[in-house]
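*Asks:* Please find one structure pasted underneath; my questions will follow.
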Amino acid sequence: RIVHSVFTYQPLFKEEFDSVVEHMLDGLLQCCSPLQSGARAKEGELSVEECLTFLPDILSCFNAMFCFFPEDCVEKLMKGGLGADMDGNASLPMADLMVILHEGLSLLRSQSDDARLQLIDGITKMLCRLLCCVLGFRMAPRHGADAFGDLLEWLKERSERSTLLMDLSRNGLENVAMEWIASGLVDDAQLDYLDEICGAPLLPKEARQSRRRAGVAKQTPAAGAGAAPSSSSRPAASSSSSDAAKIKEVREVVGPDYGEGFLLQCLLHYGGSVPTVVGAILDGTLPPQLSALPIGLSIRDEIAAVSAEAEKPEQSKLSSADKQWIMGQAGRMGAVDRDEDEG
C-alpha cells in the first residue's frame, strides 16, 4: 500500500519510471556477454564475478516490482525494451532478455567448480521466477482463454531449450498453471500438453483438483434471498475454513515438511495469496521474520507463541487495539486447528 500511495500522490515518479526501467534492463543486458563468454570480453565490460554479484540484487528488484508496484507500472516494465539487442537488431523484449541470461548462466554452470555452483543455482532460480512473473502477467486468464494458447506457443518456440523449460517448471511456472486451473478456462488435456512441453508435471493431479474446486467456489455467484447466510455473517468459520484450505493447497506444492502454523503465518503476511507464498518459499525470498520461524511449526505451537507475545512485559506499551489484534490472530489459528482436527 505504501508503494501504491507514493505513485498515486507523486505522479512525477510514475512519469520517470520509464527511464528507470530502461536502465534496469540495460543492466541485465550488460551481464549477458560476460556470462556467455565466461570472461571479460572487452574493455569496460563487467567481469563474470561482477555479474554474479550484481544479478541477485537487480533480479530481486524486478521481482519486487511484480509483487508490490501498481499494475500500470508493471505494464511499463513489460513494455520496456532496449533500443537494440547484442547484434544491433531492433528492440529486445524483457522475456527474450531473460532467456539470453539463462543461456549464459547455464553455460557458466557447466564450466564452474562446486564453490560457484550454489551461487549460480540461486541466481538461476531468481531469474526463472522473474521470467514466470513476466509470462504470468502477459498470458494470464484475465486476458481470455486465447492467452493460454499464447503461453503454449511461447514455450513451444523454445522447446529446444530443455534446461530452460525444466528450470521454469521447477521455479514458478506452477504458479501460472494454478491460476489457469482456478480460472476454469482450461481442461486436463490442455494442462497435460503444458506438462508435456515442459518435460515434467507442473502440479500433482490432486493439486489440480483442489485448485479447480477453490476457483469454482470463488466464482460461484451469491444465492438469492432464500439462501443461507453469507460469509460476512459467519466471518470466523469462513475465514478459518479458507485458511485451512489454503494451507493444504500450499503443502501440496511445497511438501509436508512445512507445518500448518508456519504456512499460516506466511499466508497472513502475503494477504492469503497461495501462489505468492509458494513462490517465496521455493525461491527462498521469505522476509526475515518468517524465515526465522521453524518451518515445521504447528498450529498449536504458534497459538501458544502468539498468545504469549501479548503478555510479555516489553509489550506493555501496546495499545488495547494491538493486543486485541494479536489475540484475534491466536483465535484465528485456533479455528484453523479445530478445522484440521475435524478434517
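The values are calculated or read from the model by the stated rules, or taken from the named source; none is laboratory data. A quick note: this is a predicted structure, and the numbers were derived from the prediction, not measured. All Cβ positions, glycine included, derive from the backbone under ideal geometry; neighbour counts span all protein chains shown. Accessible surface is based on the protein model in full, side chains and every heavy atom, while ligands, DNA and RNA are left aside. Shrake-Rupley method; radii C 1.70, N 1.55, O 1.52, S 1.80 Å.
*Asks:* Within the bounds of segment 140-157, is there any residue that is among the hydrophobic types (A, V, I, L, M, F, W, C), modelled with pLDDT under 90 and open to solvent by less than 30 Å² (accessible area, probe 1.4 Å)?
*Replies:* yes
*Asks:* If a residue must be assigned to a helix (DSSP H, G or I) and buried (at least 19 other Cβ atoms within 10 Å of the Cβ), how many such residues does segment 166-178 contain?
*Replies:* Taking segment 166-178 first, the residues assigned to a helix (DSSP H, G or I) are 166-170, 173-178.
Still in the list and also buried (at least 19 other Cβ atoms within 10 Å of the Cβ): 167-169, 173-178.
Final tally of qualifying residues: 9.
*Asks:* So which pairs qualify, if the first residue must be in segment 123-138 and in contact (Cβ under 8 Å) with a residue 60 or more places away in the chain, the second must be outside any helix (DSSP H, G or I) and among the acidic types (Asp, Glu), the Cβ gap must be under 7 Å, and the two must be at least 6 apart or on different chains?
*Replies:* Short answer, once both residue conditions are applied: LYS125/ASP283; MET126/ASP283; ARG129/ASP283.
*Asks:* Something else now. Could you run through segment 265-291 and say how many residues are at positive phi and open to solvent by less than 30 Å² (accessible area, probe 1.4 Å)?
*Replies:* In the first step, residues of segment 265-291 are kept if they are at positive phi; the result is 271-272, 284.
If we keep only those that are open to solvent by less than 30 Å² (accessible area, probe 1.4 Å) too, we end up with 272.
Residues in segment 265-291 being at positive phi and open to solvent by less than 30 Å² (accessible area, probe 1.4 Å): 1 in total.
*Asks:* Shifting gears a bit: How about segment 55-73: which of its residues are open to solvent by 60 Å² or more (accessible area, probe 1.4 Å) and farther than 19 Å from ALA95 by Cα? So that I can check it myself, show each step before the final result.
*Replies:* Initial filter on segment 55-73 (open to solvent by 60 Å² or more (accessible area, probe 1.4 Å)): 57, 61, 67-68, 71-72.
PHE68 - this is the single residue of segment 55-73 that is open to solvent by 60 Å² or more (accessible area, probe 1.4 Å) and farther than 19 Å from ALA95 by Cα.
*Asks:* If you don't mind, another one. Quick test for you: out of SER37, SER5, SER19, pick the one residue that is at pLDDT 75 or above and either over 26 Å from THR285 (Cβ atoms) or open to solvent by 50 Å² or more (accessible area, probe 1.4 Å) (or both).
*Replies:* Working: SER37 fails: at pLDDT 75 or above; SER5 fails: at pLDDT 75 or above.
Matching residue, one of SER37, SER5, SER19: SER19.
*Asks:* Among the residues of segment 110-130, what is the count of those that are farther than 22 Å from LEU173 by Cα and open to solvent by 50 Å² or more (accessible area, probe 1.4 Å)?
*Replies:* Residues of segment 110-130 farther than 22 Å from LEU173 by Cα: 110-117.
Then drop every residue that is not open to solvent by 50 Å² or more (accessible area, probe 1.4 Å), which leaves 110-111, 113-116.
Of the residues in segment 110-130, 6 are farther than 22 Å from LEU173 by Cα and open to solvent by 50 Å² or more (accessible area, probe 1.4 Å).
*Asks:* Turning to a different aspect of this structure: Looking at (1) open to solvent by less than 70 Å² (accessible area, probe 1.4 Å); (2) modelled with pLDDT under 50; (3) not aromatic (Phe, Trp, Tyr), can you tell me which one LYS246 breaks?
*Replies:* For LYS246, the failing item is (2).
Conditions (1) under 20 Å from MET178 (Cα atoms); (2) of a type outside the set (Val, Ile, Thr); (3) part of a helix (DSSP H, G or I); (4) at pLDDT 80 or above, marked per residue:
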{"residue": "LEU267", "(1), (2), (3), (4)": "yes, yes, yes, yes"}
{"residue": "GLY272", "(1), (2), (3), (4)": "yes, yes, no, yes"}
{"residue": "THR276", "(1), (2), (3), (4)": "yes, no, yes, yes"}
{"residue": "LEU290", "(1), (2), (3), (4)": "no, yes, yes, yes"}
{"residue": "PRO294", "(1), (2), (3), (4)": "no, yes, no, yes"}
{"residue": "GLU302", "(1), (2), (3), (4)": "no, yes, yes, no"}
{"residue": "GLU314", "(1), (2), (3), (4)": "no, yes, yes, no"}
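*Asks:* Does segment 255-270 hold any residues that are more than 13 Å from the chain's Cα centre (by Cα) and within 23 Å of PHE137 (Cα to Cα), and which are they? Step through it out loud before you land on a result.
*Replies:* As a first pass, look at segment 255-270 and keep what is more than 13 Å from the chain's Cα centre (by Cα): 255-265, 268-269.
Across segment 255-270, the qualifying residue is only HIS269.
*Asks:* So which residues in segment 134-162 are closer than 19 Å to LEU101 by Cβ and of a type in the set (A, V, I, L, M)?
*Replies:* Correct list: VAL134, LEU135, LEU155.
*Asks:* Residue under question is GLU45, and the condition is that it be surrounded by 12 or more Cβ atoms within 10 Å (Cβ to Cβ), modelled with pLDDT of 75 or more and not in a helix (DSSP H, G or I); does it hold?
*Replies:* Details: surrounded by 12 or more Cβ atoms within 10 Å (Cβ to Cβ): yes; modelled with pLDDT of 75 or more: yes; not in a helix (DSSP H, G or I): yes.
It is true that GLU45 is surrounded by 12 or more Cβ atoms within 10 Å (Cβ to Cβ), modelled with pLDDT of 75 or more and not in a helix (DSSP H, G or I).
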